[in-house]
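See structure below.
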Amino acid sequence: MLVYFGVMYLHWGKGCIRLYQEQGSQPERHDYQPRAVVLLSLRGHDPFLVNCLEGLLNQEYPEYAVKIIVDHVDDPAFPFVNQYLETHRHPHCQVSVLESRSVNCGLKNQSLLQGLSEVSEDVDVVAWLDADVVPHRTWLRDLVQPLQDESVGVASGIRWYAPREANVGTLVRYIWNSAAVIQMLAMDIVWGGSIAVSSRIFRNPRLAESWSKMMWEDTCLNSLATQLDQKVVFVPAVTMVNEESTSLKSCFQFMTRQLMNVRFYHSRWLFICGLGLLSAVAEMILIAELGLFLNQGNLLWLGIILSVVAFASGSVGYVVYRLDCQIRALLAQRGVNVERLPLSTVLVLIPTLLVYCAALLAARRTNHIHWRGVIYHATAPFEIQIVHYEPYQIAAKSIEQTGQSHSSII
């Protein structure tokens, strides 16, 4: 099983690395600049929100509008954004509050649906990003380029973590995401943190119909694009770096939410889950047997097991290292220098494996999701219900301390 796992990652990794190499070898093309609208959904004041706004409002793009949809009038992000815009005006930036609230889909979906409903007929592309994304000056131009091909309906950026701090939770998230990115690129799992869709997608009524009943907005775009004979394309130039740190608990909750998204809305969930669980369990068993044979002095089996574990771990490590080098080179072209993590990061490989296994199991059985003061009851992909809502409060901890059970993820 581990040998198969290693071979798969080498195969997937080859395609990922080629994607970045082709990006670097081709001359930059920014000739396609359709009229675009960028949506930013806000709930709470993210640490990098000011950086996000600064980058978003200063794009090297001729005709684009920005629509910021804040969850509630009492949300701390609302006065912050308005105050920011007083000193950093943008001719086509509109701030609004979520007007109609549904209990049958995620809050981000509701904000995006409101933004889409206000898009004029002359708009050709709609993009959106998360508040923890810091867009570079050519972010929008880079993102929309693939959409000039009429067979492409979705252009997705890529999430990459480059943490400044090296605590356990942050390192586990970095290692897991690095390996997950390879699967995402191989299986067309798009990332809603930086994404653009053509009018062939966002004007189709199936999109609004789906979003109005779903928890998340991004992973489902692959199946929708397939139904409409459209392709999904990943844009290496829109590899967005996140430098935030996190705790181990928050990392586990984040991983579980990501895996729940795949479980609900991606056709290859069973393959992803099975491959992850079987590979992790197999590696843990082999590591245990490694200690047993070492104690017995059985050098033959000791060598065999060491070879298998080294091949599987080395395959993933090699691909991640090559991908990391490609991404660092890309970031250097933007003038962004990211420090390498210490060699001691390898000591977190086993904890990452354990947390990943736990997150996979949790994603299979979880039906309650807690996120920023909101509790969702999610029993099926299109059976979503908000069972508790309150405006976001920075210091509010009460709701996170209630309703927690074995089937809940915050």
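Worth a mention:
- Subset of region 142-179 (residues that are in a helix (DSSP H, G or I), at pLDDT 95 or above and within 15 Å of Thr239 (Cβ to Cβ)): Asp142, Leu143, Gln145, Pro146, Asn177
- Residues of region 181-206 that turn out to be buried (at least 19 other Cβ atoms within 10 Å of the Cβ), in contact (Cβ under 8 Å) with a residue 60 or more places away in the chain, part of a helix (DSSP H, G or I) and of a type outside the set (Phe, Trp, Tyr), as a count: 4
- Qualifying residues in region 160-178 (those that are of a type in the set (Gly, Ala, Ser) and surrounded by fewer than 21 Cβ atoms within 10 Å (Cβ to Cβ)) - the one nearest to Ile17 (Cα to Cα): Ser178
- Restricting attention to region 268-315 and to residues that are outside any helix (DSSP H, G or I) and not small (Gly, Ala, Ser), the residue that is modelled with the highest pLDDT turns out to be Arg268.
- Within region 5-107, strands (runs of 3 or more DSSP E) holding 2 or more residues that are surrounded by 15 or more Cβ atoms within 10 Å (Cβ to Cβ) and without any contact (Cβ under 8 Å) to a residue 60 or more places away in the chain: 64-70, 93-97
- Scanning region 264-288 for residues that are surrounded by fewer than 16 Cβ atoms within 10 Å (Cβ to Cβ) and touching a helix residue (DSSP H, G or I) at 6+ places or on another chain (Cβ under 6 Å) gives a single hit, Leu277.
- Residues of region 334-385 satisfying the condition of being over 26 Å from Leu278 (Cβ atoms) and part of a loop (DSSP other than H, G, I, E, B): Arg334, Gly335, Val336, Asn337, Val338, Glu339, Arg340, Leu341, Pro342, Arg372, Gly373, Phe382
- Output for region 304-339, where each listed residue is within 30 Å of Glu289 (Cβ to Cβ) and among the aliphatic types (A, V, I, L, M): Ile304, Ile305, Leu306, Val308, Val309, Ala310, Ala312, Val316, Val319, Val320
- Picking from residues in region 238-262 that are in contact with a strand residue (DSSP E or B) (Cβ under 9 Å, 6 or more places away or on another chain) and among the charged types (D, E, K, R), the one that is nearest to Met214 (Cα to Cα) is Arg257.
- Any hit, region 379-388, residues being modelled with pLDDT under 80, of a type outside the set (A, V, I, L, M) and out of contact with any Leu (no Cβ under 9 Å at 6 or more places or on another chain): no
- Some residue of region 310-331 being within 17 Å of Val172 (Cβ to Cβ), over 25 Å from the mean Cα position of the chain (by Cα) and polar (S, T, N, Q): no
- In region 215-263, the residues that are surrounded by fewer than 18 Cβ atoms within 10 Å (Cβ to Cβ) and in a strand (DSSP E or B): Lys231
- Flag if Asp132 is of a type in the set (Asp, Glu) and buried (at least 23 other Cβ atoms within 10 Å of the Cβ): no
The values are calculated or read from the model by the stated rules, or taken from the named source; none is laboratory data. None of these values were measured; they are calculated from a predicted model. We place every Cβ from the backbone using ideal geometry, glycine too, and count neighbours over all the protein chains shown.
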